[in-house]
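See below for the structure under consideration.
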Amino acid sequence: MTFPAKATARYSGEIAGDLLVHIANHVREVDLRVQETECSLVVTLPHARVTFERAQKVLQVRIDAADRINLHNIREYVLYILDHVAPGIAAGSVWEGDISHGSAPPSFTTATVEKIWRVAPNFLRIEMSCDDTRRLADGRGMHFSLLLPPEGNAAIWPRLDENGRTVWPKGKDALHRAVYTFVSLDEVENRFTFDLFEHEGGRATAWAQAARPGEVVGIMGPGSGDFPPGQDMLIAGDETALPAIRRILTCSAPDRQGKVLLEVESARDICDLPHPDAMEITWILREKGSELWDHLKNADLPASQDRYVWIAAEKELVRKAKKRFRDQLGLCHDRGYFAYYWAS
């Protein structure tokens with residue numbers, strides 16, 4: 001893959017001797033591939049590469065990315081990490097390259113509610129119109145972020161400052177941000193749909209239940225999370241993962257094989273999921289006293305070498321699953337995805 005979008009940074013000043021070690025620990029927590037030497041660190045992502053080089057009082061950072069949106073997103077992540085491991089370095093760095101200034105972030109757009117309807121007892125489907133659907137549908141990611149202004153307040157959307165960093169509204173203007181999975185993207189009609197899991201007290205749930213056609217919200221995307229590779233798959237998740245699992249199955253090749261384990265509350269939550277014939281779907285019902293971990297703790301790796309394990313659920317389960325499949329069963333780093341999230 002070529003990386004035509006580029007940005008570089010240089011910081012001069014005092015630098016802790018273990019700075020690169022701390023950065024490496026952070027990126028490993030999110031399953032990114034890391035190559036380390038005493039004075040350098042290379043982080044490889046699906047659509048970008050980040051290189052850190054440290055001398056006694058100089059830190060140089062180089063980002064190579066597939067396009068300006070990926071570049072912006074990765075640069076934001078780099079700045080976030082630097083703020084946490086070495087406060088002051090991000091603000092004191094001089095950046096050059098393909099960086100936008102004083103405008104909306106390149107991944108930001110707005111979308112308008114067209115209609116909302118129920119597709120399952122606990123899921124609402126929302127159709128949005130958006131002039132930027134072609135960019136959102138560029139095929140790199142499955143997800144996007146929904147940005148909601150505070151109830152009763154006019155929206156103030158994020159902007160880039162003079163250094164090209166996103167400035168988010170704060171205080172009474174702070175936006176609610178939640179990640180969702182596209183169900184469909186229509187580049188011709190400039191429409192997309194997504195499913196929202198309802199749960200009591202959620203800001204996005206309250207918004208979806210009250211939203212009316214014509215309402216405008218913010219969108220950031222496409223987000224991270226590529227379609228998983230692998231001919232033979234083990235997929236597992238709870239309700240929060242159901243939209244992503246649906247999209248993975250819908251976009252899978254007809255000859256893909258494997259197992260899908262889905263935990264939901266009751267039989268009422270079972271829904272139709274189009275899927276390849278050789279993929280077996282098992283619904284796990286909490287009302288029957290069954291839980292996802294009961295199945296995963298004894299599950300084997302897919303037999304084929306062209307395999308992939310994809311698991312998304314609550315944090316503790318994902319932690320245990322990652323330990324089992326990676327540490328105990330020897331799943332290769334690039335053959336698995338383990339994520340916890342709750343779209344609220």
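Miscellaneous remarks
- Scan of segment 49-74 for residues that are under 24 Å from His143 (Cβ atoms) and out of contact with any strand residue (DSSP E or B) (no Cβ under 6 Å at 6 or more places or on another chain), ordered by number: Ala66, Ile69, His72, Asn73
- Of the listed requirements (1) of a type in the set (Gly, Ala, Ser); (2) free of Cβ contacts under 8 Å to residues at least 60 places away in the same chain; (3) within 24 Å of Tyr180 (Cα to Cα), Gly289 misses just one: (3).
- Entirely in segment 75-181, the strands (runs of 3 or more DSSP E) that have 3 or more residues that are open to solvent by less than 50 Å² (accessible area, probe 1.4 Å), touching a residue at least 40 places away in the same chain (Cβ under 8 Å) and β-branched (Val, Ile, Thr): 108-120
- Any chance Gly223 is touching a residue at least 24 places away in the same chain (Cβ under 8 Å), buried (at least 18 other Cβ atoms within 10 Å of the Cβ), of a type in the set (Gly, Ala, Ser) and touching a helix residue (DSSP H, G or I) at 6+ places or on another chain (Cβ under 7 Å): no
- One residue from Leu261, Leu273 being crowded, with 17+ Cβ neighbours inside 10 Å, touching a residue at least 24 places away in the same chain (Cβ under 8 Å) and not small (Gly, Ala, Ser): Leu261
- Among (1) open to solvent by less than 40 Å² (accessible area, probe 1.4 Å); (2) touching a Cys at 6+ places or on another chain (Cβ under 9 Å); (3) of a type in the set (A, V, I, L, M, F, W, C) - the single one Ala55 does not satisfy: (1)
- Hits in segment 14-33 - residues which are within 22 Å of Ala339 (Cα to Cα) and either touching a residue at least 24 places away in the same chain (Cβ under 8 Å) or surrounded by 16 or more Cβ atoms within 10 Å (Cβ to Cβ) (or both): His22, Ile23, Ala24, His26, Val27, Asp31, Leu32, Arg33
- Checked against (1) under 19 Å from the mean Cα position of the chain (by Cα); (2) among the small types (Gly, Ala, Ser); (3) closer than 19 Å to Leu331 by Cα, Gly223 meets all criteria but (3).
- Top-ranked residue in segment 297-320 [being touching a residue at least 40 places away in the same chain (Cβ under 8 Å) and acidic (Asp, Glu); ranked as least open to solvent (accessible area, probe 1.4 Å)]: Asp306
- Residue list for segment 17-67, restricted to those being in contact with a helix residue (DSSP H, G or I) (Cβ under 7 Å, 6 or more places away or on another chain) and among the basic types (Lys, Arg): Arg33, Arg54
- Strands (runs of 3 or more DSSP E) contained in segment 265-344 and holding at least 2 residues within 22 Å of the chain's Cα centre (by Cα) and farther than 24 Å from Thr205 by Cα: 307-313, 336-340
- Filtered residues of segment 25-44 (kept if assigned to a helix (DSSP H, G or I), in contact with a strand residue (DSSP E or B) (Cβ under 7 Å, 6 or more places away or on another chain) and within 16 Å of Arg75 (Cα to Cα)): Val27
- For segment 321-340, filtering for residues that are open to solvent by 60 Å² or more (accessible area, probe 1.4 Å) and either touching a residue at least 40 places away in the same chain (Cβ under 8 Å) or within 23 Å of Ile248 (Cα to Cα) (or both) leaves 5.
- Test: His22 is within 22 Å of the chain's Cα centre (by Cα) and not in a loop (DSSP other than H, G, I, E, B): no
- For segment 226-244, a tally of residues being touching a Leu at 6+ places or on another chain (Cβ under 9 Å), among the aliphatic types (A, V, I, L, M) and either at pLDDT 95 or above or open to solvent by 60 Å² or more (accessible area, probe 1.4 Å) (or both) returns 3.
- The set of residues from segment 192-216 being under 21 Å from the mean Cα position of the chain (by Cα) and either over 21 Å from Ala120 (Cβ atoms) or basic (Lys, Arg) (or both) comprises just one member, Arg203.
The values are calculated or read from the model by the stated rules, or taken from the named source; none is laboratory data. Please read all numbers here as calculations on a predicted model, not as lab measurements. Positions of Cβ are backbone-derived with ideal geometry, glycine not excepted, and every protein chain shown enters the neighbour counts. Just so you know, the surface numbers come from the protein's heavy atoms only, side chains and all, with ligands and any DNA or RNA stripped out. Shrake-Rupley method; radii C 1.70, N 1.55, O 1.52, S 1.80 Å.
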